[in-house]
Structure formats: C-alpha cells, structure tokens
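First comes the structure, then the notes that go with it.
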Amino acid sequence: MAQMETEVLIIGGGVLGAVVARELSRYKVDVILVEKEADFGWGSTKTNMCIVCQGGDTLEFRPEYHRSKLVWTSMPLMEPLCQEIDVPFKRVGELALIRNNEELSKFQKLKARAEKLGMNGHQFIDQDTLRQMEPHVTRKAIGALFDPNIAVVDPVRLTIALIENAIQNGVDVKRETEVIEIDRGVNQFEVQTSRGTIQCRYIVNAAGTSVDKIARFVDADDFVLYPIRGYVGILDKNLGDLVKHEIHMRPDEIGQMNILTPSVHGNLFFGTTMQPAMRGDYSTTRKIAQIGLKNLQKIVPDLSEKDLINAFAGFLMFRNWEVGWHECVVQPSRKVPRFINICIGYPGVSAAPATGREVIELLQREGLKLESNPKFNPTRKAPPVFNQLSEEKQRELISKDMRYGHVVCRCETVTEGEIVAAIQRGATTLDGIKFRTRAGMGRCQGGFCTPRVVKILSRELGVNEGKITKKGWNSHLLLYKSKELIEAQT
Ligand SMILES: Cc1cc2nc3c(=O)[nH]c(=O)nc-3n(C[C@H](O)[C@H](O)[C@H](O)COP(=O)(O)OP(=O)(O)OC[C@H]3O[C@@H](n4cnc5c(N)ncnc54)[C@H](O)[C@@H]3O)c2cc1C
C-alpha cells in the first residue's frame, strides 16, 4: 500500500471539493484530492437541477444565513468562472408564476425584500407578456415575477473542468480512493484510504452526503445533518423549446414545489417532491415520476408521460431547525484544528465560486501559509463538442481526425472522436463517457450506443471488454459470454 504525504488533503471530488482544489492551485502548496468514485461529480453534483439561483423569490435565503452570503457572492462569479474553464453557461432567467392576488401580494413583498438585499433586476410580468415569453404556460397564471439573472450550467462538466484546471496547476488527484479512517496526531492527520495512507497537516472535508461520517472519524462533527431525498425528471430533447425560462410555482397546499427548467444541453428538467429518506437509497418509481409529472402539468398542461425519458433521486443535507433548515456547513471544526467541513445541501453548485474562496481564508486562519503560484494558469480548454460546431468546423475536424465523422450515439450525435478525447482526459467507465460526452443520455438512454462505447473503451484502455464497468468498482457490464455460459450448462 502506498504512503503519501501532503500539506492539504481534500476529501471528495464533487463541485465543492473541485472548486477548493482549483482555488488552492493558485498557491505554492502540496494538495491531494481523493474521490471514492471512478470519476468526478458523481455525488449530489450529478443529481441536480443545474440551476444557478439566488433565491430572490423565497424566504429560504435569509440574510443572516451564511449560505445566503455564499450564494449571493457567487452569483456574479459564476459566468466568468465558466468562461475561464470553458464550460457551458446559459442565462435563461426565472419566472415565478403568480396565480391569484394573494400570491401577487406575497411576491410584491418578496421583490421589495430582494431589492433591499441588493438583488437587482426583478420585475413583474403581466399575463400578456408572460404568454409571449412562454406560450405553453398555464392560462391560470395571471403573471409572473421575472428574475433575469438566473442561469443554468452542467454541474458535472463544471466539476470536471475545475479538476482538470487544478491538475494543470499542480494538484494531485486520485480517483477510486475512498477514505476509510482518519487518525489524529499532534501536528498531522493520518488518513487511511482504499489505496494507501496519506499524511497531511490540513483536511478539507467535502464528502457531500458523507461529510458528517468523515468528520466523526476525528470527532470533528460539531453539526447535525438530515438527509432529504429530492427527485428530478428529464423530458425528451424534442420538447427543448417548450419553455425557455426556469419556471416554478410556489409550493402548493401539500408542500410540493413545482419547477421546470431548460438545461444547457437542450433537455427540460423538472423537480418535484422532497422527503426524508435513508441515505444512499436512490430508488425511483414510476409512481413518483407520475406524481411529478402531474404537478408539472399545473405549469405546462400539454406535457404527457411519453415525454419523460428518465428520472433520478438525489440527497440534500439539511440542518436542524435551531440553526435553520437551509443553513450550510462551511466552517473549521470547533474541536479539531486544521479540519474544515464543507457541506451545502442546496444550492451547492450556485454557491461554489464563493465557497472555494472562503475555504482558502479559513485554511489561512487555521495557520496555512500560502504563497502565490506564479505558474497558475486560470484557463482550461474543453474538448470539441461535435454537434455544437458549424458544418464548416465539423468538416475541418473530420479532415484532421476521421473518428469525428463516426457518430456513436445517434440520439445526442456524439462521435467516436469525442469518446476517445474523453478517455484521453480520464474517462474509464460507461458513466464517465456519458457525463463527459452525453453518449447514452438521449431518448434511447444508451440502448443503441452502449455496446459501441464499451468496444471503444476496451480498445483505448487496452483491456478486455469484460473488464469495462458502468461506474467503477464491481459494476461490470458483461458478466459472461453467452456462448460460453450455454456450453458450460450443457
Ligand atoms: C434533487 C436535487 C436538485 C438540486 N438542484 C440544485 C440546483 O439546481 N442548483 C444548485 O446550485 N444546487 C442544487 N442541488 C444541490 C447541489 O447538488 C449540492 O449542493 C452540491 O452538488 C453539493 O456538492 P458537494 O461537492 O458538496 O457534494 P457531492 O457532489 O456529493 O460530492 C461529494 C463527493 O465526495 C465523495 N466522497 C464521499 N465519501 C467519500 C470518501 N469516504 N472518500 C472519498 N470520497 C468520498 C463522493 O463520492 C462525492 O463525489 C440539488 C440537489 C439535489 C439533491
């Protein structure tokens, strides 16, 4: 087993661990990031609505909450960050639908509050303007509160880009490396992982839904978190133009939040119920998707079940009511020096840019000496996305590399060239290819392209197809060769 040493160890390669790694790479300091999965952003970061929000139309973002400060400070930082590291960012704007005068007066108060808190640009839209902006929205809406600042991103691509930029600038990143125990010495921590021991002076614990479990190894869990499961449904790309803005309604009498949003890739996402659940239980059922769809039809009545192509569940970590359900944990442990816990149940993607900066300050306060890295390069270039290029650029790319002329995923028009580029940048699994290129994310959900992607992975990685997994560890896709199995049985 390997023995490693570093100044700072980041646990977790979700959006928050990634943003901290990238911020630390601005300085001359040894950093290792460990992630237990085979790729980055596969925790809460992938089970997401992809909205960069600021909560101007809800009381859940109280000025006294630390979380609010992180979200509001991040708002102007997200677009420049996405430009620097070349990830898609789309400012779609948000429409909070108003159904009656009682809701109107609530929204008037919320608008005034948002302005007082420095959130600018909110405006009321009357029914006719709403109809022009969104012709398919329910006729029951008498207007909407419009926030033009709201945007969408791809959280997994954001995370991968942050990690790639951190690696470029010297951070050591280890995947399929799970932290299993931490011992606290006088001046350092000894961290046992599935791939060896790491000695470090500082720990940034960004383990998402396991943040409390990791903190507990050294009694640094001076906070309580409750897992809440949320569901997201994905609608067919053919409906991409049905709505252009993120649209939602206030929770109804049974507390269901109805929300529909475009994504940067052209699909519509909808989010519905949230409920306490056992951590790690990501199960979804058709019934849950149907309830979600029924709620959604209150916003866009034309939608039907055949428009739904997939649904998934994810976990948000909520705090207790004394602190505030929606408050976050971004703080050094009160009991254990040099141990920083970070967990933002919602909206951790939106709050990421400011969280990264704040963790640097916290580490400095804990004693970490930081000197600028003169070689820091803030830019990172994404690989080409074939279906977003002009015909001329597509031809140019194919003339340089024929593999860009071979479409592997027909639903999303993903080429062999893109899949090979993803492998060269670190994808080793079917899901790695899916989240990096979108192969398998379309209407057929990988029915057509999966065997082809497996063949390319096997060829490029130089391993037998039987060794290719869906998502690392033991998730093998091919268990037996059917002919051998039949022969063995006869
Ligand atoms: C349904 C839903 C919708 C959401 N919608 C939005 C939205 O629209 N906008 C928004 O801003 N936010 C949204 N959020 C919230 C957002 O997804 C989270 O706040 C954010 O992703 C948290 O990022 P993270 O890096 O802290 O956690 P994670 O992404 O969970 O990352 C933690 C990482 O730590 C790794 N890890 C865990 N244990 C170990 C270990 N022992 N060793 C090594 N690694 C470990 C995990 O594998 C994981 O990759 C949503 C969340 C849900 C559930």
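Every number in this text was worked out from the coordinates using simple rules, so none of it is lab data. Keep in mind the model is a prediction, meaning the values are calculated, not measured. Neighbour counts run over all protein chains shown; Cβ positions are idealised from the backbone, glycine included.
A few remarks follow.
- Proximal charge balance of F376 [Cβ under 13 Å; K/R count +1, D/E count -1]: +2
- For segment 386-484, a crude dipole built from +1 on the beta carbon of Lys and Arg and -1 on the beta carbon of Asp and Glu, taken about the Cα centre, is about 300 debye to the nearest 20.
- Each Lys or Arg adds one and each Asp or Glu takes one away; over the other residues whose Cβ falls under 12 Å from the Cβ of N149, this sums to -4.
- Normalised convex hull volume, segment 288-412, alpha-carbon set, Å³ per residue: 234
- In this label model, L117 and E102 are separated by 2.4 nm, measuring between points 7 Å along each Cα→Cβ vector.
- Per-residue extension of 0.36 nm, minus the Cα-Cα distance of L485 and I180, leaves a gain of 106.1 nm for this segment.
- Remark: for residue pairs K106/K434; K109/K213; K90/K471, the C-alpha separation exceeds 32 Å in K106/K434; K109/K213.
- Mean-position separation - Cα centroids, segment 174-242 and segment 68-112, in angstrom: 28
- Extension gain (nm, one decimal) between L478 and R195, 0.36 nm per residue minus Cα-Cα: 99.3 nm
- The phi-based Karplus calculation (6.51 cos²θ - 1.76 cosθ + 1.60; θ = phi - 60°) puts the 3J(HN,Hα) values of segment 36-48 at 6, 7, 7, 8, 9, x, 8, x, 4, 4, 8, 9, 9 Hz, whole numbers, x for Gly and Pro.
- With the Kirkwood sum run over all distinct C-alpha pairs, segment 386-484 has a hydrodynamic radius of 13.9 Å.
- The phi-based Karplus calculation (6.51 cos²θ - 1.76 cosθ + 1.60; θ = phi - 60°) puts the 3J(HN,Hα) values of segment 108-124 at 4, 5, 5, 5, 4, 5, 4, 5, 4, 7, x, 8, 9, x, 5, 8, 7 Hz, whole numbers, x for Gly and Pro.
- Subtracting the Cα-Cα distance of S283 and E460 from 0.36 nm times their residue separation leaves 60.4 nm of extension gain.
- Restricting attention to the chain, close to 70% of DSSP beta bridges with both partner residues there are antiparallel.
- Likely footprinting exposure, Y65, Y231, fewest C-beta neighbours within 10 Å first: Y65, Y231
- Each residue, E361 and S390, gets one label point 7 Å from its Cα in the Cβ direction; the gap between the two is 4.5 nm.
- Rounded Å value of the spacing that divides the Cα centres of segment 1-34 and segment 362-388: 11
- Debye log10 I(q)/I(0) at q = 0.07, 0.08, 0.12 Å⁻¹ for the chain, Cα point scatterers: -0.39, -0.51, -1.15
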